[in-house]
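Heads up, the thing below is written out as structure tokens.
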């Protein structure tokens, strides 16, 4: 956890610890850890098929029932992993969301990521 200006440890708004996802006994994610503090926004960038979408689908409870999800995904201390659909529906969109990949608007691998993000912020 990070520290505030007085040096006290802050509890992150979102803490993912040891997230592992398997399909048919084959692990596709192995022990993912990340945290997001108040006021932060994160983006996960990587090659196609590296597990970006699986990570967030697991956190949001959007994987098929055949997926085995282990680990924790705590939002303000509440573990989303294994939460009921009704609880997850209250959280999704309002407290936490995933921006799904759209091939027509994906980042261009020819240009630097920072320049593309800056351009999007400037235009909007």
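The values are calculated or read from the model by the stated rules, or taken from the named source; none is laboratory data. Worth saying up front: this structure is predicted, and the values here are computed from it rather than measured. Cβ atoms come from the backbone with ideal geometry, glycine included; neighbour counts cover every protein chain shown.
Take the residues in region 73-124 that are out of contact with any helix residue (DSSP H, G or I) (no Cβ under 7 Å at 6 or more places or on another chain), part of a loop (DSSP other than H, G, I, E, B) and within 18 Å of residue 40 (Cα to Cα), then tell me which one is modelled with the lowest pLDDT. For region 73-124, the residue satisfying everything is 99. Each residue in region 26-48 was checked for being assigned to a loop (DSSP other than H, G, I, E, B) and modelled with pLDDT of 95 or more, and 0 of them qualify.
What do you reckon, is residue 51 surrounded by fewer than 10 Cβ atoms within 10 Å (Cβ to Cβ), modelled with pLDDT under 95 and on the phi > 0 side of the Ramachandran plot?
Details: surrounded by fewer than 10 Cβ atoms within 10 Å (Cβ to Cβ): no; modelled with pLDDT under 95: yes; on the phi > 0 side of the Ramachandran plot: yes.
Here the answer is no, as residue 51 does not meet what is asked.
Go through region 15-40 and count every residue that is in contact with a helix residue (DSSP H, G or I) (Cβ under 8 Å, 6 or more places away or on another chain) and closer than 16 Å to residue 75 by Cα. Walk me through it before giving the result.
Residues of region 15-40 in contact with a helix residue (DSSP H, G or I) (Cβ under 8 Å, 6 or more places away or on another chain): 16, 19, 21, 28-29, 32.
Next, from what is left, pick out any that are closer than 16 Å to residue 75 by Cα: 16, 19, 32.
Summing the residues that are in contact with a helix residue (DSSP H, G or I) (Cβ under 8 Å, 6 or more places away or on another chain) and closer than 16 Å to residue 75 by Cα in region 15-40 gives 3.
Would you confirm whether any residue within region 76-93 is within 30 Å of residue 108 (Cα to Cα) and surrounded by 15 or more Cβ atoms within 10 Å (Cβ to Cβ)?
yes
Being touching a strand residue (DSSP E or B) at 6+ places or on another chain (Cβ under 7 Å), free of Cβ contacts under 8 Å to residues at least 40 places away in the same chain and either more than 24 Å from residue 114 (Cα to Cα) or part of a loop (DSSP other than H, G, I, E, B) (or both) is the filter here; which residues of region 55-68 pass it? Walk me through how you get there before you give the answer.
Let us first name the residues in region 55-68 that are touching a strand residue (DSSP E or B) at 6+ places or on another chain (Cβ under 7 Å), namely 55, 58-60, 63, 66-68.
The next check asks that each one be free of Cβ contacts under 8 Å to residues at least 40 places away in the same chain; those that pass are 55, 58, 60.
Residues satisfying the conditions are 58, 60.
When residue 45 is tested against (1) touching a residue at least 40 places away in the same chain (Cβ under 8 Å); (2) surrounded by 12 or more Cβ atoms within 10 Å (Cβ to Cβ), only condition (2) is not met.
Taking region 56-93 as the range and being under 13 Å from residue 18 (Cα atoms) and within 13 Å of the chain's Cα centre (by Cα) as the test, the residues that pass are 58, 59, 72, 73, 74, 81.
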